[in-house]
1. Between residue 89 and residue 410, what is 0.36 nm times their sequence separation minus the Cα-Cα distance? Round to one decimal in nm.
2. Could you list, in their original order, any pairs among 124/328; 16/77; 116/332; 110/243; 332/375 whose Cα atoms are separated by more than 21 Å?
3. If you take the beta carbon distance between residue 21 and residue 54 as r and set R0 to 30 Å, what does 1/(1 + (r/R0)^6) give as a FRET efficiency, to the nearest 0.05?
4. Send over the per residue convex hull volume for the range 65-190, Cα only, as a whole number of Å³.
5. Would you report the distance distribution of C-alpha pairs in the range 98-288 as whole percents per 5 angstrom bin, up to the bin with the largest distance?
6. If R0 is 60 Å, what FRET efficiency do you get for residue 418 and residue 124 from their C-beta distance, rounded to 0.05?
7. Starting from the Cα of residue 169, move 7 Å in the Cα-to-Cβ direction to define the label point; list residues of the range 109-136 whose amide nitrogen is under 19 Å from there.
8. At what distance in angstrom do the alpha carbon centres of the range 181-237 and the range 396-418 lie from each other?
Amino acid sequence: MVLDNLGSSLRGSLDKLQGKSRLDKDDVQEIVKEIQRSLLSADVDVSLVMDLSDSIKTRALEEDPPAGTSARDHVLKIVYEELVGLIGDSTEIPLEPQTIMLAGLQGSGKTTTAAKMAWWFSKKGLRPAVIQTDTFRPGAYDQAKQMCERAEVDFYGDPDADDPVQIAEEGLEATEDADVHIVDTAGRHALEADLIDEIEEIESVVQPDLNLLVLDAAIGQGAKEQAQEFDGSIGIGGVVITKLDGTAKGGGALTAVNETDSSIAFLGTGETVQDIERFEPNGFISRLLGMGDLKQLSERVERAMAETQAEDDDWDPEDIMKGSFTLKDMKKQMEAMNKMGPLDQVLDMIPGLGGGLKDQLPEDAMDVTQDRMRKFEVIMDSMTDAEMENPRSVGAQQVRRIARGSGTDEETVRELLQQHKMMERTLKQFQGMGDGDMQRMMKKLQNQGGGGMGGMGGMGGGPFGD
Ligand SMILES: Nc1nc2c(ncn2[C@@H]2O[C@H](COP(=O)(O)OP(=O)(O)OP(=O)(O)O)[C@@H](O)[C@H]2O)c(=O)[nH]1
């Protein structure tokens, strides 16, 4: 995640302020140093880092904390506001017919992003089409076509043609029924004059409403030059940062945003078409500072639950709250969990948990958990319907049979049964709760999260909601 280290290193300095009501120069100096270190190691441009740390320093020393606010919360609020200011609002993407062109160097993730964005628009009820004009990279056509099939969106490309401008023209005609056109362009290893010429020509034919620069999160200082070149030729209206699942950097992309005076439109967080998030500065920074991002989390949960339910008409997650919790329910829940994406990303979104607790987990804890879930799924596939419905009936002999059938061991089968028992017990506590109880429980959970951040209060209306 971009600037991931900032969250954890900053929390260390902030924790030292616990109990203080005023900040002195040394406190501020330490925090500012921590911020500088994290931003620079995440490849944010030096002059940007200096500007940001200067304003944090000035504000932290000159502004009086509002009555009743601790020094720690005060400085956290300033850091939050300055970071939101640096990153700015997200690029406006109206939900209406439009043409968007993607630009960027080779391998930055344009083709993948085109299909992901098309998937995103289709989920918003629009009819998108991807037009693939990359005649430079062999394989780009097949890759785009396959991803668009997976995303179930219209696609146009011509593997035998070698003129991208002509493909763009024909593509717009061939997909005229679509209302959002996403034009993917070719990349090169470095900024070469012919890349810029080509994209300018495509642009003049396509006349996009918006040009997005696609950047790999791992890009460093080179982002500045790229941003300048593309902005100077076609004009960049927004940035997409890809591969956020694979790096703790991302500062180069922030530099590009600043350089082009644009904003971030989308984030890419994986290789499948669903791994795209609309950029939301408040949630993003909250997540970064360990305050969690409840909105993204609930959207993911809802989407995953809906998809799992759509695959099986007989299963309704609401039934769990009313009746018994069987192994079938547990399996469905695990499937929904898988759809939510990598566990560490999901944990990042839980207030209070994302930063503090997650940092304390051993590095491979997430893999182990996911590995365990996969094993549990294999075991469940070896169980009979009756056993799935009534796991308490499974005795020693059956455990042996299931272990053999699933190619696992008895220990893991027993672990699964134990896990189910635990979940069943927890759910029993929630069953019979009214909506009011539920809300109180949610509030309690949120405050526990906020409490980890020094009692910042609930998440409603943003982490500093008055
Ligand atoms: N993990 C991860 N991989 C990604 C993401 N976005 C793209 N990739 C991978 O990055 C590689 C390059 O992505 P492409 O979409 O082919 O990049 P491109 O910019 O179209 O490349 P050219 O057509 O050569 O210019 C592929 O292997 C993608 O699967 C992402 O958000 N996360």
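Every number in this text was worked out from the coordinates using simple rules, so none of it is lab data. Values in this document were obtained by computation on a predicted structure and should not be read as measured data. All Cβ positions, glycine included, derive from the backbone under ideal geometry; neighbour counts span all protein chains shown.
1. Numbers: separation 321, 0.36 × 321 = 115.56 nm, distance 5.33 nm.
Using 0.36 nm per residue and subtracting the Cα-Cα distance, I get 110.2 nm.
2. 124/328; 116/332, as the Cα separations exceed 21 Å there.
3. 0.75
4. Value for the range 65-190: 153 Å³ per residue.
5. 1, 9, 18, 23, 22, 16, 9, 3, 1, 0
6. On the way: r = 42 Å, r/R0 = 0.71.
Computed FRET efficiency for residue 418 and residue 124 comes out at 0.90.
7. 131-136
8. If we compute the Cα centre of each part, the gap is 55 Å.
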